[in-house]
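See structure below.
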Amino acid sequence: YIEKIKAESLIKKYGSPIYCYSNKSLVDNINNFKNSFKSFNPLICFSVKSNYNSAILRIVKEHGLGADVVSDGELKKVLSLGFKPSKIVYSGIGKKFEELKFAISKNILLINVESESELKNIEKLAKKFKKRVNLGLRLNPNIDAKTNTKISTGRIQDKFGLNSKDIIKILKEYENSINIKIKCLSVHIGSQITQNKPYNNVLVTLNKILSKSKYKFEYIDLGGGMGIKYIKNNKKLDYSKLSKNIYKFSKKNNCKIIFEPGRSIVGNTAVLLTKV
């Protein structure tokens, strides 16, 4: 049975193989995530790359979540489903000129910048359209999330983000820009993380940069990557410990926290029904 519906009846009606998602599991995961971090009320932007099925995205939106997108295809989709631009963050490397142009035209909350060349492209477009574009700078903190090496994104050898020296340089250079407003410092170190230590290391690194730069960021985007259980003996990330540490960090730095969970919201909500 899936919830109270017999699995066999679904195959008779829809054929097989079929993915079947539980609305209850999805909503429970959303509410659990919200409640775990309610002490500092983060903006939760669902990672659309984890599941871009329209039915799933509608439920996510109905329960108050925003969207983290990595392409103009994903951005167009969430806008068509009614996600508010003020709850959309555009992340990811290799954004094309046309994609940046489209994102700027839609006045989304943030474009998270991965390189100085991308920043310069955005500045050119902002000048052209006579706009001031809100940006996040993605930090590569050189922290190993101790997860699968193929899904690690926070080490110096990984292709993502700017190092701390580059970020401090950019902050000085663009502080008074009329076309760019740097509102966020962003970091995402990998996926399927089941220990708190990598996140705590990220907070220490962020504190150092904030102290050194003396720049006031409105948002700190801590990304996602929260691990889930696949088998009974798997560890699961301890949200209560993580929440306490992030609460202290947000109070100290007077900033709004953004999360970009994907797998932890949708990963365990489905079964694949098939027959032999």
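We did not get these values from a lab; they are worked out from the coordinates using the rules stated. Predicted, not measured: the structure shown is a model, and the values here were computed from it. Here the Cβ positions follow ideal geometry from the backbone for every residue, glycine too, while neighbour counts run over all protein chains shown.
Summary table below
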| item | result |
| --- | --- |
| Restraint check, K76/K165; K128/K172; K95/K165; K101/K256; K172/K251, Cα-Cα greater than 32 Å | K76/K165 |
| Pair-distance profile P(r), taking every C-alpha pair of region 1-48, with 5 angstrom steps and integer % | 5, 16, 20, 16, 11, 11, 10, 7, 3, 0 |
| Rg and Dmax [Cα atoms of region 190-256; Å; Rg one decimal, Dmax integer] | 13.6, 45 |
| Helix 164-174 vs. the chain, principal-axis angle (Cα, 0 to 90°, nearest 10) | 60 |
| Value at 222 nm in deg cm²/dmol, rounded to 500, when DSSP H runs of n ≥ 4 in the chain each add -39,500 (n - 2.57) | -12000 deg cm²/dmol |
| Dipole magnitude of the chain, debye to nearest 20 (Cβ charges: Lys/Arg +1, Asp/Glu -1, about Cα centre) | 420 |
| Which listed pairs, of K6/K34; K87/K183; K87/K236, have C-alpha distances above 26 Å, in listed order | K6/K34; K87/K236 |
| Which label in [x] 24; [y] 20; [z] 10 gives the computed percent of Cα pairs over 34 Å apart | [y] |
| Two-site label geometry, V27 and I231: point separation in nm, points 7 Å out along Cα→Cβ | 3.4 |
| Sparse-neighbourhood loop sites, trypsin sites (Lys or Arg not before Pro) in region 172-221 - DSSP loop, at most 14 other Cβ within 10 angstrom | K214, K216 |
| DSSP bridge orientation in the chain - percent antiparallel, rounded to nearest 5 | 20 |
| Where Rh is the Kirkwood radius over Cα pairs, Rg/Rh for region 23-139 | 1.00 |
